[in-house]
Amino acid sequence: MQDSYYMITPLLMYMLGGMLCLLFSKYVRVQRVIALLGSFIALIIAGKLVVAVDAVETISLQIGGWEEPFGITIFVDRFAALMVFITALLAFAVSIYSFSDNVLSVKKKRIGFYPSLLFMLTGITGAFITRDLFNLYVWFEVMLVSSFVLITLGSKKDQLQGGIKYVVINFVASSFLLLAIGILYGTTGNVNFTALSESLRQPEVRNITQLASVLLLVSFGIKAALFPFYFWLPASYHTPPIAVIAIVSGLLTKVGVYTLIRTYTMLFPLHQHYDAQYILLVVACVTMLIGVLGAIAQSDMRKVLAYNLISKIGFMVFGLAVYTPAALAGTIFYMLHHILVKTNLFFTAGVIGKVTGTYQYKKMGNLYARFPVLSFAFLLLALVLVGIPPFSGFWGKFMLAEAGIEVEQFLPVALMLFTSLLTLYSMVLIWKNGFLPKSIVENQQIPGERVVMKTYACMYLAGALLFAFTLWISFSPGWLIGYTQKAAFQLMEN
């Protein structure tokens, strides 16, 4: 029973925290404390959940006393436990990051930042631990509404334009999901994952439910920003404040990847649906390439990072398409690595944008001479993103490449490695034009690094927290690799 409390507590902390922040909507300092304390408790409990699940393999809880599959089932395996933990870690880091009024104005915090953040985390966590499709739809809607509020916070023209694109395309994705739920429920009489997986094994329903499989692929593909549904991401992710971009970019697309993995391991196993496996493989390869080419073409640092995010989603879906335990383990490991490094890169970009007044890296000038610590942090994070040994990106790519070679997917593996080189090139462009010496007149109004570190201390602290976890899985990856391998075997056994 104690393990069940570990499972539900992070979600309850975010939900309760969001309600309390609404009650204290006029008191920003109180909201700060609520968000920080709630996310810290969620982080501690989520860490205990990871350990507990590793010992007992799965934990489940029936809400309201109704037995599965009739009631609401909360279910956590190793994969879900890792995602709940990484969500709590990012929630805590963003809560620290947002303490600085320089990164997010008091006005924006007062009009809904903390309640929206906590309710979005509620939706994300709920999506990770739910055991039926209809409740997944409900949690998606909670996540969609609150993330829309965050993206449009401040109501600037570009934010509203980006936010409308975001909410419209995600509303379409939710509609496809609802249609798929209707088909599956009408055919099998179930929405519970366990009951559905048993019902869908029957040969007489397979032809009818193929449409549901396609609808789920489109719905979750949109949320994951897969090709050809990726266009909403670069149009909306560069417009909000950095504190919002960091948490949104780190988590929202990963929810789409997570649900794709659940769908094609449990409901429609890819070894029984070869057409879907082939489609996922092609889509993953095109997503890798389109994303990195878009990154090279941008001059705004935030858009470069957004397009590189799209490219790396292709890496994760490639592991799903290969569909072996080793490939799924690589996908899970790479997903965790990418959540950490992408959020931290946006943290760093936020400091750079604040001190220089621009995100156009060609206009920044000699940042390395003025901010060596900040520049070195950006360089290290860029190397982690690219996957230079021995950083965590290398271990994730190595696991994916090895799994691909084992099943003779040589061309996708070669494309993945080529994409990594292009990712390196896109980050070199930022470094060359924004950090190295240039023959321009430096802005003398920009303060020195000591002043900046003091002014943005909370932002530096949040980045250091995530970087510490990145270094841990980079230089001591054995435990996490083993855990992801066990998580992958659980997924395949389903």
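The values are calculated or read from the model by the stated rules, or taken from the named source; none is laboratory data. These figures come from a predicted structure and were not determined experimentally. Every residue, glycine among them, receives a Cβ derived from its backbone with ideal geometry; neighbour counts consider all protein chains shown. For accessibility, only protein heavy atoms count, side chains too; no ligands or nucleic acids. Shrake-Rupley method; radii C 1.70, N 1.55, O 1.52, S 1.80 Å.
Only residues that are under 31 Å from the mean Cα position of the chain (by Cα) and open to solvent by 40 Å² or more (accessible area, probe 1.4 Å) were counted across the range 195-221, and they come to 4. Taking each residue of the range 386-401 that is more than 22 Å from Ile430 (Cβ to Cβ) and looking for partners that are open to solvent by 60 Å² or more (accessible area, probe 1.4 Å) and of a type outside the set (Phe, Trp, Tyr) with beta-carbon atoms closer than 8 Å, six or more apart or interchain, yields Ala401/Leu417. Out of all the residues in the range 403-438, which are more than 20 Å from Asp300 (Cα to Cα) and over 24 Å from the mean Cα position of the chain (by Cα)? Passing the criteria: Ile405, Glu406, Val407, Glu408, Gln409, Phe410, Leu411, Ala414. The residues listed here are Val255, Val283; of these, the one that is at pLDDT 90 or above, surrounded by fewer than 24 Cβ atoms within 10 Å (Cβ to Cβ) and within 25 Å of Ser147 (Cα to Cα) is Val255. Here the helices (runs of 4 or more DSSP H) wholly within the range 107-213 that include at least 3 residues being within 21 Å of Met13 (Cβ to Cβ) are 114-129, 133-151.
Give me the residue from the range 1-49 that is of a type in the set (Val, Ile, Thr) and farther than 25 Å from Leu82 by Cα and, out of that set, least open to solvent (accessible area, probe 1.4 Å).
Within the range 1-49, the first condition is being of a type in the set (Val, Ile, Thr), and the residues that meet it are 8-9, 28, 30, 33-34, 41, 44-45.
Narrowing the set further to residues that are farther than 25 Å from Leu82 by Cα leaves 28, 30, 33.
Values: Val28: 13, Val30: 57, Val33: 86 Å².
If we take residues in the range 1-49 being of a type in the set (Val, Ile, Thr) and farther than 25 Å from Leu82 by Cα, then Val28 is least open to solvent (accessible area, probe 1.4 Å).
Taking the condition within 27 Å of Ser116 (Cβ to Cβ) and surrounded by fewer than 23 Cβ atoms within 10 Å (Cβ to Cβ), does Phe268 pass? It is false that Phe268 is within 27 Å of Ser116 (Cβ to Cβ) and surrounded by fewer than 23 Cβ atoms within 10 Å (Cβ to Cβ).
What number of residues within the range 466-477 satisfy the criterion of being open to solvent by less than 50 Å² (accessible area, probe 1.4 Å) and under 18 Å from Leu82 (Cβ atoms)?
Here is the first cut: in the range 466-477, the residues open to solvent by less than 50 Å² (accessible area, probe 1.4 Å) are 466-467, 470, 473-474, 477.
Right, trim to under 18 Å from Leu82 (Cβ atoms) and you get 466, 470, 473-474, 477.
Within the range 466-477, residues that are open to solvent by less than 50 Å² (accessible area, probe 1.4 Å) and under 18 Å from Leu82 (Cβ atoms) number 5.
Per the listing Val292, Val282, Val304, the residue uniquely without any contact (Cβ under 8 Å) to a residue 60 or more places away in the chain and hydrophobic (A, V, I, L, M, F, W, C) is Val282.
The number of residues in the range 62-88 being open to solvent by less than 40 Å² (accessible area, probe 1.4 Å), in contact (Cβ under 8 Å) with a residue 12 or more places away in the chain and of a type outside the set (Phe, Trp, Tyr) comes to 13. Here Ala462 meets the list (1) at pLDDT 80 or above; (2) surrounded by fewer than 19 Cβ atoms within 10 Å (Cβ to Cβ) almost entirely, failing just condition (2). Helices (runs of 4 or more DSSP H) fully within the range 299-413 that include at least 2 residues being open to solvent by less than 40 Å² (accessible area, probe 1.4 Å) and in contact with a helix residue (DSSP H, G or I) (Cβ under 8 Å, 6 or more places away or on another chain): 301-322, 325-356, 372-386, 392-406.
Between Val248, Val244, the distinction of being in contact with a Ser or Thr (Cβ under 8 Å, 6 or more places away or on another chain), touching a residue at least 24 places away in the same chain (Cβ under 8 Å), under 30 Å from Gly350 (Cβ atoms) and β-branched (Val, Ile, Thr) belongs to Val248 only. Report yes if Lys303 is out of contact with any Asp or Glu (no Cβ under 7 Å at 6 or more places or on another chain), modelled with pLDDT of 90 or more, farther than 16 Å from Ala173 by Cβ and of a type in the set (D, E, K, R), otherwise no. It is false that Lys303 is out of contact with any Asp or Glu (no Cβ under 7 Å at 6 or more places or on another chain), modelled with pLDDT of 90 or more, farther than 16 Å from Ala173 by Cβ and of a type in the set (D, E, K, R).
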